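Before any comments, here is the structure.
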Amino acid sequence: MSATETIEHVTVKSPQRMQELGRTLAGLLRPGDLVLLTGELGAGKTTLTRGLGEGLGVRGAVTSPTFVIARVHPPLADGPALVHVDAYRLGGGLDEMEDLDLDVSLPESVVVVEWGDGKVEELSEDRLHVVIERAVGADAPAAPVDGAAADEDDVREVTVRGVGPRWAAADLSVLAGE
């Protein structure tokens with residue numbers, strides 16, 4: 001880990017908790033932030049982004065932009081817009097994504113890119129990489145969740161890595177919460 005990088009690991013035991021993590025993460029974000037989400041299909045990337053949208057107070061239901069590639073959710077108040085991009089179907093790097101004008105949206109918005117690793121890092125030296133992995137079998141924590149046993153299929157290990165000067169002094173430990 002370099003001096004311009006911070007990391008936090010969070011165990012998320014339900015889709016509701018993933019959405020809460022998104023709401024908490026939204027409290028750290030500001031216009032110009034780039035967030036890259038990585039995880040297999042069904043890992044919880046859109047659920048996390050739904051929480052981000054709630055936390056940022058944006059208009060419209062946050063759903064997967066898989067078939068439209070990008071959705072813009074304007075703010076309901078003074079906060080930034082949320083630009084939600086799904087780069088899954090885009091094979092190329094930043095060149096292929098230029099048509100989305102993300103570089104134009106970035107200064108006044110929070111831009112979240114699912115499947116963005118290796119495609120949009122050049123947009124900003126400051127970014128958050130969020131990796132969501134399923135905790136399966138023996139790796140899944142067996143602790144109860146809200147008085148009920150955790151469903152192993154819902155348990156995720158989330159790693160949030162802040163890159164660049166913007167995130168060097170950020171306290172990502174608030175994400176671990178509770």
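The values are calculated or read from the model by the stated rules, or taken from the named source; none is laboratory data. Quantities reported herein were computed from a predicted structural model and do not represent experimental measurements. Note: areas computed on protein heavy atoms with side chains; ligands, DNA, RNA excluded. Shrake-Rupley method; radii C 1.70, N 1.55, O 1.52, S 1.80 Å.
Computed with every protein chain present, the accessible area of Arg59 is close to 130 Å² [probe 1.4 Å].
Using 0.36 nm per residue and subtracting the Cα-Cα separation, the extra length available between Ala61 and Ile7 on full extension is 16.5 nm.
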